[in-house]
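What follows is a set of notes on a single structure, which appears directly below.
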Amino acid sequence: MCGIVGYIGTQKASPILINGLLRLEYRGYDSAGIGVLENGAISVMKDKGRVNNLYNIDGINDLSGTIGIAHTRWATHGVPSKENAHPHKDNSGEFAVVHNGIIENYNDLRKFLTDKGYNFYSQTDTEVIPNLVHYYYHQDEKDDEQRLLRAVNNACKDLKGSYAIELISKEHPDMMIVVRKDSPLVIGKGYKENYISSDIPAILSFTKDFYLIDDNEIAVLTRENVEFYNDNLEKVDKKLESIEWSATAAEKDGYEDYMLKEIYEQPNAIRETIGSRLPEDGPCYFEDLDFSKEYLSSINKIYIVACGTAMHAGLVGKNMLEKLCKINTEVDIASEFRYRDPIINEKTLCLFISQSGETADTIAALKLAKSKGAKTLAISNVIGSSITREADYSIYTHAGPEIAVASTKAYTSQVVLIAILAIYFAEILESEHYAILKDLKQEVLSLPAKVENALKSNKRIQDFARKVYNEKDMFFLGRGVDQTVALEGSLKLKEISYIHSEAYAAGELKHGPIALVEKGITVVGILTDPKLVEKSISNIQEVITRGAKTFIITNQELPADKFDMIIKVPEVNPLLSPIVSVVPLQLFAYHISKEKGLDVDKPRNLAKSVTVE
Ligand code: M6R
């Protein structure tokens, strides 16, 4: 997804901007550009392709301006091209803008501006913004300090959609304006310099002090100051937040890829997620939650809403909430939920899971649930992210930054967090025996060590991946909770290895998909629930008979000669088993991608944070 960087200070802006863009590369993009203000003009340098291509542009190294904006674009309106890359200037070259998000009414605005004599040189929705600002700026007869602020605010009032915008103006060489609505943006505060980014890691090496700008707020940055305004242009007070992450926490730490590093970080990430929420004696504790027995007893339905891997974590969560709390729980894909008029009222509790906290569909689903009177609880990894600011309650996974597009540690820490949440609810509701909950808490505490143990199979998984990486199709099978892990394993394989795969409830195979099974195809079986293992083995037997190769993840004793490869993982309460059994599946997808020589961290067509619908 698009990324934004900005700088205003005393140092040369261009290296800071390019460095910031490089750190945002993981978000996915197709073109990049910077705009630097110097000697009374704005120099825009941009191109299709990698950020590093910017270094080949003539004159880029000579830019000496100390204020600038930068962008990585992920095409939505118009093909990836130099013309469509950001920054975009207005017709007169007075203003330059970078923008994340989508301007839904850009056709109407283009028409409005074209009628006023403005021309357009790109296919983007963004180009209306600098021209609208130009229009309002020159409509304004009052030439005071706030003229630019007023022009930007007026322009924003015309925009429908989502946006994070950075703007510089050659008439105001010591000022930068940023605005945000439904698109991420943070401001880093330094000494006599300020930074902007769509994501904290991009500027974490420059400062640890951040302002979180809210929806519909405008910030005016000078070298010394950052001032915030609401959309009535009244001043807003903001607290400076300090971020604990070190810049190196966002680096690769000697691993070949972020994904591998993040897979190996899981034991620690889980420890962080548990934190002090499971005290030795006493009930589960969430600093930011204060649910009463009365309220929890009044809930008639829980919805878990999310996208992709986060939704798969929700499927595991459903199982826990239903079993431990006896509350009917439904899981929905955010992009479906938001348009299907779900039955929601004040007796509904809606959980929204999002690693980034910036997924457009999840945010929209949350707003819908709130508007219908439900209580909303966000589960995110990013403090201050949009979803956490919208929700009534927020709890964090504390898994540290996840950079690889393929989500790994976010999934396991989300599942752990929902497990603790389900135990917390069950303790308040007294809906499950004390002894069962006590045992389950011990099991949660044992997870870091068990995940550590599961990681030890890495070499054997790599060996098997070497045998099958050239295949075109695979199946992932499981029953019960193992089926939810099958979905996640299949998604991981698809997204980073480009191998087509399907995840099925093992018992469903013979109702159609088994027709696709033929000699050589690989079937991955997840067999961890003791009650269902025998049943699943029968289903796996059916594919073996049809010539499939089998790769089995299990915590049970199974006859080694029956399957092509068995990966044994530690036993754990079936409610929690996905946290352990997913690890070999993550490694399997990783090694297949590596064998194929693909870019593991930045798979084609995908972005880390899907901030458009
Ligand atoms: O940031 P979110 O958790 O809201 O992201 C949701 C999905 O886009 C994400 O999990 C996606 O499916 C991952 N690429 C999967 O690895």
Of all DSSP beta bridges with both partners in the chain, the antiparallel percent, nearest 5, is 60
Any chance you could get the radius of gyration and Dmax over the Cα atoms of the stretch 3-247, in Å? 16.3, 51
Pairwise label distance in nanometres, H433 with L516, each label 7 Å out on the Cα-Cβ vector: 4.3
Give me the Å³ per residue figure for the convex hull around the C-alpha atoms of the stretch 301-374. 71
Quantify how much of the Cα-Cα distance distribution of the chain extends past 33 Å, in percent. 48
Lys and Arg at +1, Asp and Glu at -1: neighbours of A465 with Cβ under 9 Å from its Cβ sum to +1
Hey, with R₀ at 45 Å, roughly what FRET efficiency would E224 and S92 work out to, going by the Cβ-Cβ distance, to 0.05? 0.95
Once you wrap a convex hull around the alpha carbon atoms of the stretch 139-281, what is its projected area averaged over all directions, in nm²? 12.7
Computed on Cα atoms only, the convex hull of the stretch 458-613 has an orientation-averaged projected area in nm² of 9.6
Here the Cα Rg-to-2.2 N^0.38 Å ratio for the stretch 204-318 is 1.53
Shape call for the stretch 91-139 from the C-alpha gyration tensor, a ≥ b ≥ c root eigenvalues: rounded (a/c under 1.5), prolate (a/b greater than b/c) or oblate? oblate
Please turn the phi angles of the stretch 345-361 into ³J(HN,Hα) values with the Karplus equation 6.51 cos²θ - 1.76 cosθ + 1.60 (θ = phi - 60°), one per residue in order, whole Hz, x for glycine and proline. 8, 5, 9, 9, 10, 10, 9, 10, 10, 7, 3, 6, x, 10, 5, 4, 5
About its Cα centre, the chain carries a charge dipole, from +1 on Lys and Arg Cβ atoms and -1 on Asp and Glu Cβ atoms, whose size in debye to the nearest 20 is 1460
With Cα coordinates, the longest principal axis of the chain makes an angle with the long axis of helix 106-115, in degrees rounded to 10, of 10
If you fit an axis through the alpha-carbon atoms of helix 409-429 and take the longest principal axis of the Cα set of the chain, what angle between them do you get, 0 to 90°, nearest 10? 70
Please report how far the C-alpha centroid of the stretch 145-213 lies from that of the stretch 66-113, rounded to the nearest whole angstrom. 15
In degrees from 0 to 90, rounded to the nearest 10, what is the angle of the helix 128-139 Cα long axis to the longest principal axis of the chain? 30
Note on the stretch 140-212: alpha-carbon gyration tensor, axes a ≥ b ≥ c; rule is a/c under 1.5 for rounded, else prolate if a/b larger than b/c, else oblate; result oblate
Expressed as a whole-number percentage, the relative contact order of the chain with C-alpha contacts under 8 angstrom and at least six residues apart is 12
Which pairs, out of K409/K441; K208/K608; K48/K494; K46/K608; K238/K323, put more than 32 Å between their alpha-carbon atoms? K238/K323
Rounded to whole Å, sorted largest first: equivalent-ellipsoid semi-axes of the stretch 367-515, Cα gyration tensor: 32, 21, 19
Contour minus Cα-Cα distance for K459 and D215 (0.36 nm per residue): 83.1 nm
For Q556 and Y255, what does the FRET efficiency come to when R0 = 45 Å and r is the distance between their Cβ atoms, rounded to the nearest 0.05? 0.90
Based only on other Cβ atoms within 10 Å, what is the fewest-to-most ordering of F228, F464? F228, F464
Quick one, what does Rg over Rh come out to for the stretch 252-454 if you take C-alpha atoms and the Kirkwood Rh? 0.96
Through the Karplus equation 6.51 cos²θ - 1.76 cosθ + 1.60, θ set to phi - 60°, convert the phi angles of the stretch 596-613 into ³J(HN,Hα) values in whole Hz; use x for Gly and Pro. 7, x, 8, 7, 4, 7, 10, x, 4, 6, 10, 10, 5, 10, 8, 8, 10, 5
Taking only the alpha-carbon atoms of the stretch 364-437, what semi-axes of the equivalent ellipsoid follow from 5 times the gyration tensor eigenvalues under a square root, in whole Å, largest first? 24, 20, 9
With no solvent term and unit scatterers on the alpha-carbon positions of the stretch 19-141, Debye gives log₁₀ I(q)/I(0) at q = 0.14 Å⁻¹ of -0.60
Applying the gyration tensor rule to the Cα atoms of the stretch 90-207 (axes a ≥ b ≥ c; rounded if a/c under 1.5, else prolate if a/b exceeds b/c, else oblate), the class is oblate
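Throughout, read-outs are computed from the coordinates displayed, never taken from laboratory work. Fair warning: this is a prediction, and the values are worked out from it, not measured in the lab. Virtual Cβ from ideal backbone geometry, glycine too; neighbours counted across all protein chains shown.
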